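The values are calculated or read from the model by the stated rules, or taken from the named source; none is laboratory data. The structure presented is a predicted model; accordingly, all values stated were derived computationally and were not measured. Glycine gets a Cβ as well: all are built from the backbone with ideal geometry, and neighbour counts include every protein chain shown.
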Amino acid sequence: MHFAFNREQKGDEPAGANKAPKEALDYFRDKGIKITWDYREVWKTQHTEAFTVAKAMCQDVLLEIRSALDKALAEGLPFETFKKELMPFLEKRGWTGINIHPDGSRVELGTPRRLKLIYDTNMRVARAAGQWQRIQRAKRVMPYLLYSLGPSKEHRPLHEKWAGLVLPVDDVFWNTHFPPNGWGCRCRVRQITKRDATRRGLSPLPDINPIRWTNKYTGRTEMVPEGIDPGWNYNPGQSRSQWLKKHAQEKDKEFNEALN
């Protein structure tokens with residue numbers, strides 16, 4: 001099974017066109033950092049705890065990219081500004097272009113295409129995590145979510161089928177299908193009232209059709225819902241909530257142990 005992704009299209013909506021809400025910034029800023037060679041080393045919910053850029057093997061490079069992304073989120077900077085401000089540092093550190101690894105393989109570092117992917121992924125996931133927090137706060141008055149397509153000129157066929165889907169906020173579908181649902185995915189959800197959901201018509205739960213996929217880096221096999229890229233079948237907002245709960249419990253435990 002081939003997992004395709006939306007190709008970059010001229011005119012696509014910028015991922016960081018507006019200043020990010022506080023919840024999105026908190027999600028991004030609460031992460032630690034982890035140096036990795038392969039993007040599959042940090043997988044799904046692990047991204048909640050660790051910021052990483054594959055092949056950024058020097059801590060100063062990783063921290064500089066993180067700082068540039070933080071600024072882009074906080075100030076709503078478009079990609080071109082993000083790239084313009086970051087590139088001089090990357091060029092100075094030699095983290096640019098295509099390098100040849102000692103084993104003969106080609107290694108893509110800070111190319112424009114790679115930087116665009118890093119920018120889009122971090123902008124959209126942080127905003128999705130923040131949106132989920134706001135959805136949970138408002139679900140008593142707006143208890144449904146409407147799946148919508150983004151502005152890309154091309155969409156995955158299954159994402160087009162999901163467009164217009166109306167399901168309760170806490171439906172299990174959103175555990176794995178809360179957008180973005182893959183590399184370059186610009187799908188979104190809109191929170192709506194019960195009245196609006198009734199007018200549109202509630203949707204039956206779509207077939208998930210899990211596909212067996214093997215992570216060639218770890219050797220582990222998992223089932224990935226059809227239409228979602230491997231590694232994207234999780235809800236970053238839910239993962240964030242679970243992490244906050246775990247963190248609070250650990251703090252309580254430390255406090256109680258200190259008292260005793």
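Out of all the residues in the stretch 31-38, is one or more part of a helix (DSSP H, G or I), modelled with pLDDT of 95 or more, surrounded by fewer than 14 Cβ atoms within 10 Å (Cβ to Cβ) and not assigned by TED's automatic domain parsing to the domain that holds R220?
Scanning the stretch 31-38, I find no residue that is part of a helix (DSSP H, G or I), modelled with pLDDT of 95 or more, surrounded by fewer than 14 Cβ atoms within 10 Å (Cβ to Cβ) and not assigned by TED's automatic domain parsing to the domain that holds R220, so the answer is no.
Quick one: which residue in A56, A72, A24 is more than 17 Å from the chain's Cα centre (by Cα), of a type in the set (G, A, S), surrounded by 17 or more Cβ atoms within 10 Å (Cβ to Cβ) and modelled with pLDDT of 95 or more?
Among A56, A72, A24, only A56 is more than 17 Å from the chain's Cα centre (by Cα), of a type in the set (G, A, S), surrounded by 17 or more Cβ atoms within 10 Å (Cβ to Cβ) and modelled with pLDDT of 95 or more.
Only residues that are without any contact (Cβ under 8 Å) to a residue 24 or more places away in the chain and in a loop (DSSP other than H, G, I, E, B): list them for the stretch 122-152, please.
Within the stretch 122-152, R140 is the sole residue that qualifies.
Considering only the stretch 207-216, state which residues are among the charged types (D, E, K, R) and part of a loop (DSSP other than H, G, I, E, B).
Here is the first cut: in the stretch 207-216, the ones among the charged types (D, E, K, R) are 207, 212, 216.
If the condition is that a residue be among the charged types (D, E, K, R) and part of a loop (DSSP other than H, G, I, E, B), then D207, K216 are the ones that fit.
For residues that are aliphatic (A, V, I, L, M) and surrounded by 15 or more Cβ atoms within 10 Å (Cβ to Cβ), scanning just the stretch 187-205, find the one that is farthest from V141 (Cα to Cα).
Ranking the qualifying residues of the stretch 187-205, first place goes to V189.
Modelled with pLDDT of 95 or more, assigned to a helix (DSSP H, G or I) and within 21 Å of the chain's Cα centre (by Cα), is that true of Q238?
Working: modelled with pLDDT of 95 or more: yes; assigned to a helix (DSSP H, G or I): yes; within 21 Å of the chain's Cα centre (by Cα): yes.
So Q238 passes the test.
Quick one: how many residues across the stretch 94-107 are charged (D, E, K, R) and in contact (Cβ under 8 Å) with a residue 24 or more places away in the chain?
Number of matching residues: 0.
Consider G184 carefully, then state whether it is in contact with a Ser or Thr (Cβ under 9 Å, 6 or more places away or on another chain), buried (at least 16 other Cβ atoms within 10 Å of the Cβ) and part of a loop (DSSP other than H, G, I, E, B).
Details: in contact with a Ser or Thr (Cβ under 9 Å, 6 or more places away or on another chain): yes; buried (at least 16 other Cβ atoms within 10 Å of the Cβ): yes; part of a loop (DSSP other than H, G, I, E, B): yes.
Yes, satisfied.
Can you name every residue in the stretch 155-180 that is touching a Lys or Arg at 6+ places or on another chain (Cβ under 8 Å) and either surrounded by 20 or more Cβ atoms within 10 Å (Cβ to Cβ) or assigned by TED's automatic domain parsing to the domain that holds V125 (or both)?
P179, P180, listed by residue number.
Looking at (1) among the small types (G, A, S); (2) assigned to a helix (DSSP H, G or I); (3) surrounded by fewer than 17 Cβ atoms within 10 Å (Cβ to Cβ), which is the one condition that is false for G219?
(2)
Mind listing whichever residues of the stretch 94-114 are touching a helix residue (DSSP H, G or I) at 6+ places or on another chain (Cβ under 9 Å) and in a helix (DSSP H, G or I)?
P112
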